[in-house]
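Below you'll find the structure, written out as structure tokens, and then a few comments.
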Amino acid sequence: MPASVFLSSSGTHSLRYLFMGASHPDLGLPSFVALSYVDEHLFVCYDHESQKAKPRGPWLQKEEDEFWVRMTQSLKGWDHMFIIDLWTIMDNHSRGQGSHILQVILGCEFLVEDNKTRSFWKYGYDGQDYLTFHPDTMNWTAVQPEAQATKQEWEMNKIQAKQHRAYLERDCPKQLQRYLEIGSEILNKKVPPLVRVSRHITDEGVITLRCQPQNFSPVNITLSWLWDGKQLTQGTELGDIHPSGDGTFQIWMTVAITPGEEQRYACQVEHPGLDQPLIMTWEHHPLTVTLATGITTGIIVSIIITTIAVIIWKKRKVSRGLRRNYIQNKGE
């Protein structure tokens, strides 16, 4: 089967908040950090130290100051609640002493096909799933036995449970719809990937081909390695998808090959921005090999000396210009 990466699809839109913090931030971990995503796009970040919401999505850069004031106040509220929840869990946990980390993911998804919304609210403690909230019943599921005490305590607070449900079922979908309207141009934009196939030799002497699609959006993409036109299921490795910082994404996939059979392998890429699957092979450039192994040391040294001479000449030219301007300004 080909390797696929789907964080969202054309039939689903989502608003997610990721919260993370440590009980002892003096160990190098933050006391609270919030990241907000619409679909796979990071659009807001906030931390306890700055206490300020900062835009991370190009489609929100032009929003008025009032928008960011409201966003900051909202995340300050999440910040306060997060710290209370962390210490509540620590007090109820059998191993509450020492430094601990709490992670929260909450938000909602809009399903375009049936016009329905579903929500989620989960807690992780020290790297393990811990508690899950169910808005329909306003109850919690204790994923870990140690979470039972916190589950019981939170289920007794009916007012807080109603607030959680109101946010997930009413406020979150409204926010998602608003953000989708603001960022529709970028969120719906389809940018086809730029694909490069390169050849590498590991420290152990294993030869691999690396397929790297870059600068694509949306995030859903399918990669597969072909050998004589047939899809490979073994000997491949798929990397994690990463944002490029400009609203696009990048990913890589490698395959271990037999020396001399490079041309029998091809990388197949499928993406909504492509009219048809893109098939790329490694291109062997003899000139690159010659430059790497065949050029004499004398020529290389000559190139280096010439380059250094040009850099020195440019620096001296700039320096003389600066001195001339300084003397003229001083004389005036």
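The values are calculated or read from the model by the stated rules, or taken from the named source; none is laboratory data. Note that the coordinates shown come from a computational prediction; the quantities given were computed from them, not determined experimentally. Positions of Cβ are backbone-derived with ideal geometry, glycine not excepted, and every protein chain shown enters the neighbour counts.
Kindly provide the set of residues from the stretch 175-231 that are assigned by TED's automatic domain parsing to the domain that holds Gly245, among the small types (Gly, Ala, Ser) and surrounded by 14 or more Cβ atoms within 10 Å (Cβ to Cβ), ordered by number.
Ser217, Ser224
Check Trp68, Trp87, Trp121 and return the single one that is among the aromatic types (Phe, Trp, Tyr) and exposed (fewer than 15 other Cβ atoms within 10 Å of the Cβ).
One residue alone meets the criteria, Trp87.
Let me confirm something: among Met90, Met71, which residue is more than 29 Å from Pro55 (Cα to Cα), modelled with pLDDT under 95 and not acidic (Asp, Glu)?
Answer to the selection: Met90.
Tell me whether the stretch 159-168 contains one or more residues that are of a type outside the set (Asp, Glu), at positive phi and either buried (at least 20 other Cβ atoms within 10 Å of the Cβ) or not assigned by TED's automatic domain parsing to the domain that holds Met253 (or both).
No, because not a single residue in the stretch 159-168 is of a type outside the set (Asp, Glu), at positive phi and either buried (at least 20 other Cβ atoms within 10 Å of the Cβ) or not assigned by TED's automatic domain parsing to the domain that holds Met253 (or both).
Can you give me the ranges of the helices (runs of 4 or more DSSP H) entirely in the stretch 156-207 with at least 1 residues that are at pLDDT 90 or above and farther than 26 Å from Ser244 by Cα?
Helices (runs of 4 or more DSSP H) meeting the threshold: 158-166, 172-182.
Among the residues of the stretch 125-154 satisfying the criterion of being among the β-branched types (Val, Ile, Thr) and not in a loop (DSSP other than H, G, I, E, B), which is surrounded by the most Cβ atoms within 10 Å (Cβ to Cβ)?
Thr150
Please specify each residue of the stretch 232-270 satisfying the condition of being of a type outside the set (Val, Ile, Thr), part of a loop (DSSP other than H, G, I, E, B) and either crowded, with 16+ Cβ neighbours inside 10 Å or touching a residue at least 12 places away in the same chain (Cβ under 8 Å) (or both).
If the condition is that a residue be of a type outside the set (Val, Ile, Thr), part of a loop (DSSP other than H, G, I, E, B) and either crowded, with 16+ Cβ neighbours inside 10 Å or touching a residue at least 12 places away in the same chain (Cβ under 8 Å) (or both), then Leu232, Gly235, Gly239, Ser244, Asp246, Gly247, Trp252, Pro259 are the ones that fit.
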